[in-house]
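Notes to accompany the following structure.
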């Protein structure tokens, strides 16, 4: 899909956010993303996902091993992109006698890449490897804690990230008026997740997911629809986006304009058109 989109649309960057590293083959991920970068150098932005506890459950992955497995997989991907000569890899979770991907990405040392996660360990990893940081589906206060910690760690490693080094993934309810958006929000509050979980399983996963910088449980991430960060008509949403920029320090926002699993693409396209006409021209100056 990303390759097709790049062939059809000029002049924009395309974000692929992205492969779930702990349940993927890192060599395959490195080669596939490098191929995209070779086709359209500089146009792709890659996010390396850590996954969530419900995904670990689906893939029969021990959540206690997920962090180490993710870090090792990402380090292998980064080395495969940067190393011009074949090398061996004997890690705890991945073992390869010879690694030599083809093609290698034309951008040096790597394409524009983000590590996603709100834990202290995720911020440390991104800072140490000079990667951007992606944060997802949390309150402005919690996301600000995560990005603040990331900036502190970057300073200790001798570099300073800019706003474009931080992505905020979120959902938005946009209406022609505030009243229309508020009504949609109230309807959504009673919605069920596409794949609801049993209460005891959801509770266990919530406890397991307390890995963010603030140690805050986020129950909407498991068993329910994802939370809403922005809600209102164009003017209110513009103010909220400015607040996110100031409080979180984010320069890139990955916005979902439709409910997960709803399948209502017509409504989504209407909201996308409204966003492009009434919101986007005003936030570009932010």
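Within the P(r) computed for the stretch 73-183, what percentage of the Cα pairs occupies the region above 18 Å?
It works out to 61 percent of all Cα pairs.
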*Find the Rg to Rh ratio for the stretch 111-152, where Rh is the Kirkwood radius over alpha-carbon pairs and Rg uses the same atoms.*
0.95
_Output needed for the stretch 1-55: three equivalent-ellipsoid semi-axes, defined as square roots of 5 times the C-alpha gyration tensor eigenvalues, in descending order, whole Å._
23, 12, 8
*Determine, at each q value in 0.25 (inverse angstroms), the log₁₀ of I(q)/I(0) that the Debye formula gives when each Cα of the stretch 25-78 is one equal point scatterer.*
-0.99
*Based on other C-beta atoms within 10 Å, arrange 159, 89 from fewest to most.*
159, 89
*asked:* Cut-off is 10 Å between beta-carbons; in what order do 173, 255 appear when sorted fewest neighbours first?
replied: 255, 173
_Could you tell me how many cubic angstrom of Cα convex hull volume the stretch 58-109 has per residue?_
99
_With viscosity set to 1.002 mPa s at 20 °C, what whole-number translational diffusion coefficient in µm²/s follows for the stretch 1-147 from Stokes-Einstein and a Kirkwood radius over Cα pairs?_
134
*Sticking with the crude label model, points 7 Å out along Cα→Cβ, report the distance from residue 87 to residue 55 in nm, one decimal please.*
2.5
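Read-outs: derived from the displayed coordinates by stated rules, not from any lab. This structure is a prediction, so every number in the text was calculated from the model and none was measured. Here Cβ is always computed from backbone atoms with ideal geometry, including for glycine, and neighbour counts include all displayed protein chains.
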